[in-house]
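The values are calculated or read from the model by the stated rules, or taken from the named source; none is laboratory data. This structure is a prediction, so every number in the text was calculated from the model and none was measured. Ideal geometry is used to build each Cβ from the backbone, glycine not excepted, and the neighbour counts take in all protein chains shown.
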Amino acid sequence: FNLGYVGIETTANMVDISEMTHVHFDYWTPDGQGLGIKLVNTNIGQQDQENVGTVSRGQWISVDIPLNDFAINRSAVSQILFDNIPPGTITVFIDNLYFYN
């Protein structure tokens with residue numbers, strides 16, 4: 001998809017990831033410079049974004065981010081967003097998104 005930002009909304013069924021320790025996803029981009037993932041708890045208006053670091057182009061990259069890096073209450077996550085850094089449109093493919101401990 002072309003990414004300005006895109007996300008998953010689970011407002012009707014918020015996700016409790018408070019027992020999980022990491023988020024994992026794989027990405028592939030031909031033109032991205034930076035990529036972030038944002039977790040949102042709309043119940044209490046909290047959100048935090050973590051960046052993947054240096055973006056590698058033209059190959060699938062696996063990312064694992066500790067959930068303690070996100071400064072939000074993780075008991076009711078209602079949105080998971082991917083954001084292009086810096087702002088603009090890129091093409092990125094996301095696969096294998098999951099939370100684990």
Of the residues in region 38-54, those that are within 15 Å of S18 (Cβ to Cβ) and acidic (D, E) number 1
Counted residues in region 11-27 being modelled with pLDDT of 95 or more and out of contact with any Leu (no Cβ under 9 Å at 6 or more places or on another chain) come to 2
